[in-house]
Amino acid sequence: MQKKDLDWKNIGFGYTQTDYRYVSNYKNGAWDEGGLSTDANIVLGECACVLQYAQTCFEGLKAYSTADGKIVCFRPDLNATRMADSCRRMKMPVFPEEKFVEAVVETVKANAQFVPPYGTGASLYIRPYMFGADAILGVKPANEFQFRVFCSPVGPYFKGGVKPLHLRISDYDRAAPRGTGHIKAGLNYAMSLYAIVDAHEKGYDENVYLDSATRTHIEETGGANIIFVTKEGNIVTPKSDTILPSITRRSLLQVATDYLGIKAEEREISIDEISSFTECGLCGTAAVISPVGTIDDHGKIITFNEGKNEMGPVIKRLYETLRAIQMCEIPAPKGWIKEIL
Ligand code: PLP
Ligand code: COI
């Protein structure tokens, strides 16, 4: 297949319009048939619920070209389930989970020329989302919704590729107890924009959020979960009801135990204990696993991997194993790889 003429090796994490996207509309209590469209624009009324009250949620996953010429994506069924959870919490109609996976497959297939070639390090980012579309003035959910899936070829989320990141403990909070931190609602990202701009202006790559109830435990960053490596070489990752249940993180815990024989634990992690950890990484679809070099806790700098300008050994093994599974270089656990083409 003829690929598009793009500079695959130097592509960043940004939007490139592709030829097709999937669109389905919900009206009078039912989803329509849905299908592909070449129109990348959306026309909405001025009082659309999403514009006034941010009734929207989204997902993110990736498709890859494999060494033997296939196009695959990683655990789309988990994105379907998480989106259904987000919809229920946001009073939006669930887009049926099997149809969600079909929509992802159809969108990727139609845009196969945009799936970066194997070996370039780039991938096709897939963005399913839904929003309240009809006019709503009093605060209440919309009656009409649109579900869409677009995709865009992307490179690394963090500039500089695998150079360790510099994070700070944020003074802003991300998610309230019993709020929406555990779902992928657009509003969770809207409220992080002030903090991320402020972090960038001060020279940090990202914010680490604490639990907003006590501000004593590590939660996650604005766009990724966090994992640590203990002195013993085990993995620990925060357990909390107010963080997004990252599919990458859940996969890594299984990769650690089943593939690498590394002990992995989910538990509350106190801010006071992070200086005892040897390595740190951010994990997510966009972030993959990005090594963390330092966390600045109000002037106290916690350094990981002995300050070396590279991925630590444990994070590296996790990264390489997960990447090899995603690219079908080694066998994946049952159901993890969805073959598209
Ligand atoms: N946490 C947040 C806040 C995110 O936006 C993301 C990205 O989706 C993640 C974690 C990682 O989740 P996943 O691994 O499912 O992409
Ligand atoms: C993802 O990793 O898919 C996300 O949604 C994170 C986002 C900050 C780009």
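The values are calculated or read from the model by the stated rules, or taken from the named source; none is laboratory data. Worth saying up front: this structure is predicted, and the values here are computed from it rather than measured. With ideal geometry, Cβ positions are generated from the backbone for all residues, glycine too; neighbour counts draw on all protein chains shown. To get the accessible areas, we keep the full protein, side chains included, count just its heavy atoms, and leave off ligands, DNA and RNA. Shrake-Rupley method; radii C 1.70, N 1.55, O 1.52, S 1.80 Å.
Among the GluC sites (Glu not before Pro) in region 15-101, those located in a DSSP loop and surrounded by at most 16 other Cβ atoms within 10 Å of their own Cβ are E33, E46.
For N28 and R89, a Förster radius of 22 Å and the Cβ-Cβ distance give a FRET efficiency of 0.40, rounded to the nearest 0.05. Using a cut-off of 31 Å between Cα atoms, the listed pairs K62/K300; K263/K308; K9/K316; K109/K163; K3/K202; K70/K91 include K62/K300; K109/K163; K3/K202; K70/K91 as exceeding that distance.
Computed from label points 7 Å out along Cα-Cβ, the spacing between D77 and R250 is 1.1 nm. Between G34 and N25, the built amide H atoms are under 5 Å apart, and every one of these is 5 or more places off in sequence or on another chain. Take the Cβ-Cβ distance between K308 and K263 as r, set R0 to 22 Å, and report the resulting FRET efficiency rounded to the nearest 0.05. In this case the efficiency is close to 0.40. Taking all Cα pairs closer than 8 Å and separated by 6 or more residues, the relative contact order of the chain comes to 19 percent. For K338, the aspartates and glutamates whose Cα comes closer than 13 Å to its Cα, not counting residues fewer than 8 places off in the same chain, are D77, E98, E102, E106. Across region 99-105, computed HN-Hα scalar couplings (Karplus, 6.51 cos²θ - 1.76 cosθ + 1.60, θ = phi - 60°) run 5, 4, 5, 4, 5, 4, 4 Hz from first to last residue, x flagging Gly and Pro. With the simple model of a label 7 Å out from the Cα in the direction of the Cβ, D241 to V197 spans 3.4 nm.
The loop-placed trypsin sites (Lys or Arg not before Pro) in region 186-291, going by DSSP, that have at most 15 neighbouring Cβ atoms within 10 Å of their Cβ come out as K202, R215, K231, K239, K263.
Across the accessible surface of the chain, with the other protein chains kept in place and a 1.4 Å probe, carbon and sulfur atoms take up 50 percent.
Extending 7 Å from Cα along the Cβ direction at S212 and again at E98 yields two label points whose distance is 3.9 nm. If R0 equals 41 Å, the separation of the Cβ atoms of A135 and M1 corresponds to a calculated FRET efficiency of about 0.40.
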